[in-house]
1. As an exercise, use a Förster radius of 41 Å and the Cβ-Cβ distance of residue 66 and residue 89 to find the FRET efficiency, rounded to the nearest 0.05.
2. Could you work out how far apart the two model spin labels at residue 48 and residue 173 are, taking each label as a point 7 Å from the Cα in the direction of the beta carbon, and quote it in nm?
3. Percent of alpha carbon pairs in region 26-106 separated by more than 19 Å?
4. What ratio of Cα Rg to 2.2 N^0.38 Å holds for region 25-181?
5. Can you compute the FRET efficiency between residue 30 and residue 100 using 1/(1 + (r/R0)^6), with r the Cβ-Cβ distance and R0 = 25 Å? Round to the nearest 0.05.
6. Compute the length gained on full extension between residue 22 and residue 115: take 0.36 nm times their separation in residues and subtract their Cα-Cα distance, giving the result in nm to one decimal.
7. What ranking of 162, 40 emerges when the number of other C-beta atoms within 10 Å of each C-beta is taken as an exposure proxy, fewest first?
């Protein structure tokens, strides 16, 4: 019982299902690898890219009121975050579709193969255990092939979704920082400046308390 003997007596429908599964497997592997690589690259660069886009918008609103600046910056942030989401989800429908339908295509191939084998057994008139078990067992190859196609697609899909969540987290955090810094001083400060400013503001109450204690003593 091997694939060669199964392929020998399989009909056009079974062979078509096999090539469909083979095409889905190749497509899901190529899409999955490219999607994970691109999503990881986007996760590393999303903060810097968002800051550059907001910096390019600032000269347009340099002399505007705070309300106008807020609307323009918010619209630019939403537009860029939507662009990141669209770019990060490219290829996911292929992975999801492959993971969902591949096992059923394989199962249909098995059912059709068993039907074809039983039809051949009925035609020849030989209905012994050896004549039934071998074709039925070989027909189960399609089910195994369908599951083998679906498993990598599911893994690639879940890994990509996890990386995309990280992208959206970085993009939203950077957007909040950029909006706050732009409305405060009219320019988008770098991340290191934001952290330094936050540390200075946190240390200010401690310094004030120390000065008051020294004055009382």
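1. Once the sixth-power term is evaluated, E becomes 0.75.
2. Result: 1.7 nm between the two label points.
3. More than 19 Å apart: 55 percent of the Cα pairs in region 26-106.
4. 1.75
5. 0.85
6. Net length gain for the segment: 31.3 nm.
7. Fewest to most other Cβ atoms nearby, the residues stand as 162, 40.
Since every read-out is calculated from the coordinates, none of them should be taken as a lab result. Here the structure is a predicted model, which means the values were calculated and not measured. Positions of Cβ are generated from backbone atoms using ideal geometry, with glycine treated the same way; all protein chains shown enter the neighbour counts.
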